[in-house]
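Structure record follows, encoded as C-alpha cells.
FYI, it's all coordinate maths here, none of it is from the lab. Just so you know, these numbers come straight off a predicted model, no measurement behind them. Cβ sites come from the backbone with ideal geometry, for glycine too, and all protein chains shown count toward neighbours.
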Amino acid sequence: MDALAALRLQIEWGADEALEEAPVDRLRQSPARAVARAAESAVAPGVTARPPAAGGGPAERARGAAEGAATVAELGAAIVGFDGCRLRDTAAHTVLAEGDPLSGLLLVGEAPSADDDRNGGPFTGPAGAYLDKMLASIALDRRSMVLAPLLPWRPPGDRPPSPVELATCLPFLIRLIELSQPRLLLLCGALSARALLGAGGSRRVQRGKWVELPLPGALPPPRALPTHSVELLRRDLSRRREAWADLRALRRALDGPG
C-alpha cells in the first residue's frame, strides 16, 4: 500500500513518465529503435528522400534535407530519415502533416502532445476532438486543410522546445509551406506564431491580426492569423470569445476573393 500511495501522490503532482533507475544513453541507437525507425519510414512507401547536406550544424542539415524534397511526400520521408534532432530519440512517433496540400489552408499547431506522440498524427485525443468542434462551427473539417505540428517530435514531458530544437525543426515546416503554397495560415499558439512571424525581427506578433508571411517565390505571400492554442482554449474559458472572433475572421477570408 505504501508503493500505491506513492504512485498516487506522483500522479497528483503531475508526473506522466516513468524514469529508469540507471541513466540511459539516448544518443546510442538501440537495435529495437532502429527497427522502429525502419517501420516508421513506411508512411511514404516508394518515396526516397534526397540525402541531407553533409557537414554543418543540425539546422543547416535540416535545411538541406528540407530543400532537397520536391513534394510533400518526399518532405515526409526526409523528416522521418532525419537524425539531427535529439527529440527524435525520445519520441514514440514522428508526427507528420496531414490533410489536403491543395486546399489553400494550413493550420499550424505547437509541439505534438502526448496523444499525438502515441497516435503518430497531429491534433489527436481530446484536443483533436475539440479542434474538430471548432472547425465545424465555421463549416470546416480537417479534410479541407493541412494540419501540421510546429515540430515533428514531442519534447519529453511536454516541456517547451529549446531554441536549438526550434531552429532545427523549423526548416521542415517552412518547406511544407513552400510546397503546399497555402493562401491562408492559422497559427494556433503563441509559440508557432513567434516561430514563423517573429523570428529574427522586432515585429510584435498579435493574436487576431492578419500578417503576411514573406516566402521566396510566393507571390502574393500567404497571410497568417495567430490565435490561441487548442490546449489553452480547453483550459481557459475566458479566451474562447477571442478564438471565436478569430474563427469568424478565417471564415470571412476563405469566403472572400483569393
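Structure above, values below:
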{"item": "Thr124 vs. criteria touching a Ser or Thr at 6+ places or on another chain (Cβ under 8 Å) and crowded, with 18+ Cβ neighbours inside 10 Å", "result": "yes"}
{"item": "Helices (runs of 4 or more DSSP H) wholly inside the range 144-258 that include at least 3 residues being farther than 30 Å from Arg88 by Cβ", "result": "240-255"}
{"item": "Scan of the range 230-246 for residues that are surrounded by fewer than 17 Cβ atoms within 10 Å (Cβ to Cβ) and hydrophobic (A, V, I, L, M, F, W, C), ordered by number", "result": "Leu232, Leu237, Trp244, Ala245"}
{"item": "Arg194 vs. criteria out of contact with any strand residue (DSSP E or B) (no Cβ under 8 Å at 6 or more places or on another chain) and under 27 Å from Lys133 (Cα atoms)", "result": "yes"}
{"item": "From Ala92, Ala66, Ala73, residue being assigned to a helix (DSSP H, G or I) and surrounded by fewer than 20 Cβ atoms within 10 Å (Cβ to Cβ)", "result": "Ala73"}
{"item": "Pairs, first at positive phi in the range 77-99, second of a type in the set (Ser, Thr, Tyr), C-beta under 8 Å, six or more apart", "result": "Gly99/Ser144"}
{"item": "Residue list for the range 121-165, restricted to those being touching a strand residue (DSSP E or B) at 6+ places or on another chain (Cβ under 9 Å) and on the phi > 0 side of the Ramachandran plot", "result": "Phe123"}
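One line per residue, one yes/no per condition, for (1) of a type in the set (Gly, Ala, Ser); (2) buried (at least 19 other Cβ atoms within 10 Å of the Cβ):
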residue	(1), (2)
Ala111	yes, yes
Asp117	no, yes
Leu131	no, yes
Leu150	no, yes
Pro156	no, no
Arg159	no, no
